[in-house]
1. Hey, rough spin-label estimate for LEU53 and ASP34, points 7 angstrom out along Cα→Cβ, what's it come to in nanometres?
2. Could you go through the range 42-59 in sequence order and give the Karplus-derived ³J(HN,Hα) for each residue, using 6.51 cos²θ - 1.76 cosθ + 1.60 with θ = phi - 60°, rounded to whole Hz, and x for Gly and Pro?
3. Amide H of CYS17: which non-local residues (sequence gap of 5 or more, or other chain) have their own amide H closer than 5 Å, using H built in the peptide plane?
4. Rank the residues ASP32, ASP41 as a footprinting-exposure proxy: fewest other Cβ atoms within 10 Å of their Cβ go first.
5. Starting with the fewest neighbours, write out LEU16, LEU25 ranked by other beta-carbon atoms found within 10 Å of each beta-carbon.
6. Taking the number of other C-beta atoms within 10 Å as the exposure measure, put VAL50, VAL68, VAL11 in order starting with the fewest.
7. Per residue of the range 28-41, what does 6.51 cos²θ - 1.76 cosθ + 1.60 with θ = phi - 60° give for ³J(HN,Hα)? Whole Hz please, x for Gly and Pro, Karplus curve as stated.
Amino acid sequence: MTDQSLTRLRVASLRLCQGGAWQELAITLRRDGDSFTATYDPDRASLEAVVSLARIRLSFEGITLSEVIRGGRYRPHHSHPSH
């Protein structure tokens, strides 16, 4: 690894949220500021698969995970028309 590639390495945390069958994809990864959130359907993806795939995906961008945090259930926000 060169000095230049070392300066581009970044570290971030990953929060895991359990989603459900309503998700189009088994695993969805999104950026939340300086961290990332992976929402997954436990019927289609194991925790090990979610973490492994997130590590691989983020490594392509030079990002290393510093910690993995298990969160609760993810509830999608639905827009409600204002009256």
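1. Going from the LEU53 label point to the ASP34 one covers 2.8 nm.
2. 3J(HN,Hα) across the range 42-59, in whole Hz: x, 7, 10, 8, 7, 4, 4, 5, 4, 5, 4, 5, 5, 4, 5, 4, 6, 5.
3. Those lying under 5 Å, H to H, from CYS17 are ALA38, THR39, TYR40, GLY71.
4. In increasing order of surrounding Cβ atoms, one gets ASP32, ASP41.
5. Going from sparsest to densest Cβ surroundings: LEU25, LEU16.
6. VAL11, VAL68, VAL50
7. 10, 10, 9, 7, 10, x, 8, 10, 10, 10, 10, 9, 9, 9
The numbers here are math on the coordinates, done by the rules we state, and not lab data. Owing to the predicted nature of the structure, the values given are computational and were not obtained by experimental measurement. Note that we place each Cβ from the backbone using ideal geometry, even for glycine, and neighbour counts take in every protein chain shown.
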